[in-house]
Amino acid sequence: VETVTSWLRDANITYGDISEQISSPYTVVGIGKVGDCFKVGLHIIPYPSETNIIDPTLCKTLTDNETLPVQTIIHLHEDVWNRKNDIVKARLAAKVNRVNHRWYARKTRVQRIDIITTMDFLNEHHLWGATRSKFNYGLFDTDDELIAVATFSPRRHVNRAESSRPYRSHELIGYCAKKDGHVIGGITK
């Protein structure tokens, strides 16, 4: 908890301890004050141990609770904070509108990219890392820098009830922009 709140102080993000208002044995920190509530409730969960057993329904119970003084709740596990620290910090900062870069998709170009480039980008910028995909596309800014990646499944033939002809469909598997920025209209492009 001290590591997270220390980072919030250093990043100049307003926060408050709202643990007393929420029935959780762990600390909940509200960030991004908006009126009477916070934009995000950061539920900080330590490593489980023999003395610290986590109730498997705890996160669901908090997520489903509509009386919390937060607009959304994020369950931050200690191992995720330690393994993907820079990505978690960037995502939390983005939740309170603190991003270093904003790109407009209309000023970018789309290009198909190879699987190695896709995997490297996703491992660096996505919390869950890379996923398997058939088609990979990147958004490049005016300096030819890769700023976002979208991955798609192989083609599937789908029958619609109103049409007797099958049509071809691709599923969007994932989309990821650089961790320190936001591409406005990126997924649409």
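The values are calculated or read from the model by the stated rules, or taken from the named source; none is laboratory data. Remember, predicted model here, so these are calculated numbers, not experimental data. We place every Cβ from the backbone using ideal geometry, glycine too, and count neighbours over all the protein chains shown. The protein model used for the area step is the full one, side chains on, heavy atoms only, and it has no ligands, DNA or RNA in it. Shrake-Rupley method; radii C 1.70, N 1.55, O 1.52, S 1.80 Å.
A single entry from LEU68, LEU42, LEU62 fulfils the requirement of being in contact with a strand residue (DSSP E or B) (Cβ under 8 Å, 6 or more places away or on another chain) and modelled with pLDDT of 85 or more: LEU42. Of the strands (runs of 3 or more DSSP E) lying entirely inside the stretch 1-91, the ones with 3 or more residues being touching a residue at least 24 places away in the same chain (Cβ under 8 Å) and open to solvent by less than 60 Å² (accessible area, probe 1.4 Å) are found at 28-34, 37-45, 70-77.
Identify, please: which residue in the stretch 136-173 is small (Gly, Ala, Ser) and surrounded by fewer than 16 Cβ atoms within 10 Å (Cβ to Cβ) and is, among those, nearest to PHE121 (Cα to Cα)? I'd like the intermediate steps shown before the answer.
Within the stretch 136-173, the subset small (Gly, Ala, Ser) is 138, 148, 150, 153, 161, 163-164, 169.
Narrowing the set further to residues that are surrounded by fewer than 16 Cβ atoms within 10 Å (Cβ to Cβ) leaves 153, 161, 163-164, 169.
On the way: SER153: 18, ALA161: 39, SER163: 40, SER164: 41, SER169: 25 Å.
The qualifying residue nearest to PHE121 (Cα to Cα) is SER153.
Of all residues in the stretch 163-181, those that are farther than 21 Å from ALA130 by Cβ and either in a strand (DSSP E or B) or touching a helix residue (DSSP H, G or I) at 6+ places or on another chain (Cβ under 6 Å) (or both) total 4. Looking only at residues that are in contact with a strand residue (DSSP E or B) (Cβ under 7 Å, 6 or more places away or on another chain) and of a type outside the set (A, V, I, L, M) in the stretch 161-175, which one is modelled with the lowest pLDDT? Selected residue: PRO166. Only a single criterion out of (1) among the hydroxyl-bearing types (Ser, Thr, Tyr); (2) at pLDDT 90 or above; (3) more than 17 Å from ALA148 (Cβ to Cβ) is not satisfied by TYR104, namely (3).
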